[in-house]
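Presented below is the structure to which this report refers.
The values are calculated or read from the model by the stated rules, or taken from the named source; none is laboratory data. Fair warning: this is a prediction, and the values are worked out from it, not measured in the lab. Methodologically, a virtual Cβ is constructed for each residue, glycine included, from the backbone with ideal geometry; neighbour enumeration extends over all protein chains shown.
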Amino acid sequence: MRVRHSLSLIVLVSMLVACATSVDHLPVTTGTTEQTGSQSNQVTVQYLGVGGLLIRYGDTALLTAPSFSNPALLGLPPGPFQPIAPDNERIDALMPQVDDVEMILVGHAHYDHLMDVPRVMEKHALKANVYGSQTMKHSIAGSVSEDRIVVVNGKAAKGDDVGEWLYAPSGKLRIMAIESEHAPHVMGITFMQGRYEEDLPALPWHSFGWKEGKTFAYLIDFLDDKGKSVYRVHYQDAASTPPLGFVPELAAADERRVDLAFHCVGAFEQVDNYPEGLVTDIQPRNSILGHWEDFFGNDPTGDQQGIRLTSIDDFIQRLETVQADDAKWYLPDTFAVMHFPVSQ
């Protein structure tokens, strides 16, 4: 036990002293890309930093957990018992208009994916429910009413077993959770593991209180008036070992190529065959590279640097070796807006 504790401390110190990296040589997508057609025939995606996406089609929208607070200790990752809390002023200032959002997806319950969600639900996404693990539910139970929390444990796809489709109230959007994993942060060690078995009275007050819980990927379908999928997104906010996070073999009526995939750059080198295994399996038409920026105390509106202890260049090289000939990838700056055509 002492050896493991000492190793964890050494690894944590190495993360603290590691430097963020420049992305000046990379084609970072900024601003707004050119529209691909009429508003009714395109999907609009805005990157909100870390694992956050705002995805719109027609008159419905989906949000994946945004992270604006970005706590730090003198520009370094927050220590295990450093008090952290949502920066409500910053969240309110930076959160785009999201009153059309019906679903908020949380892949795992670490603070950089969940801590800002209660404020977003309270002040901005007033009609949205949040979807995630049992630990997610327990972590935010003191701040979000139970009737707005949907636990996907027991409803998720696992291996070859297809999961349950969960529909938004409008019927124009559905999701399927897929059992996945969180890659180790560094040297095979994953911080903030564990789960909660009962509701917490208040949000965790330090970073290690935000336990990972079960980690999920998500398959997201935007639907036409007949309930047919017209645009499919695969979302993953943590790198995983193949085949975890893969799409199971669906019924013939539900088969469709993935139009857009969100990949996690952070810690991808800590697992084997990522992103190659996933991309080979789902062959997305477009890929968005997320969780690539150093988020410890940064200003989301300022110049971004690359996440520590990870080579974004290597990720891109490995992605390009396996993506389809017609596929494109995007490395978006925070708040960049991308337009994608809908082909029914």
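Miscellaneous remarks
- Any hit, segment 330-341, residues being closer than 23 Å to Val23 by Cα, acidic (Asp, Glu) and in contact (Cβ under 8 Å) with a residue 60 or more places away in the chain: yes
- Hits in segment 228-243 (condition: part of a loop (DSSP other than H, G, I, E, B) and crowded, with 24+ Cβ neighbours inside 10 Å): Gln236, Asp237, Ala238, Ala239, Ser240
- From the list Gly159, Gly188, Gly171, the lone residue that is touching a residue at least 12 places away in the same chain (Cβ under 8 Å), of a type in the set (Gly, Ala, Ser), closer than 30 Å to Asp294 by Cβ and out of contact with any Cys (no Cβ under 7 Å at 6 or more places or on another chain) is Gly188.
- Screening Asp225 on (1) among the acidic types (Asp, Glu); (2) at pLDDT below 95; (3) crowded, with 20+ Cβ neighbours inside 10 Å shows it passes everything except condition (3).
- Selection count, segment 192-205, where residues are modelled with pLDDT of 95 or more and either within 28 Å of Leu250 (Cβ to Cβ) or not charged (D, E, K, R) (or both): 8
- With respect to the conditions (1) surrounded by 13 or more Cβ atoms within 10 Å (Cβ to Cβ); (2) free of Cβ contacts under 8 Å to residues at least 12 places away in the same chain, Glu320 falls short on a single one, namely (1).
- Residues of segment 74-93 classified as modelled with pLDDT of 95 or more, aliphatic (A, V, I, L, M) and outside any loop (DSSP other than H, G, I, E, B), total: 2
- Of Pro66, Pro96, Pro71, all but one fail to be surrounded by 22 or more Cβ atoms within 10 Å (Cβ to Cβ) and either part of a helix (DSSP H, G or I) or out of contact with any Ser or Thr (no Cβ under 6 Å at 6 or more places or on another chain) (or both); the exception is Pro66.
- Considering Tyr218, Tyr167, the condition of being aromatic (Phe, Trp, Tyr) and more than 19 Å from the chain's Cα centre (by Cα) is satisfied by Tyr167 alone.
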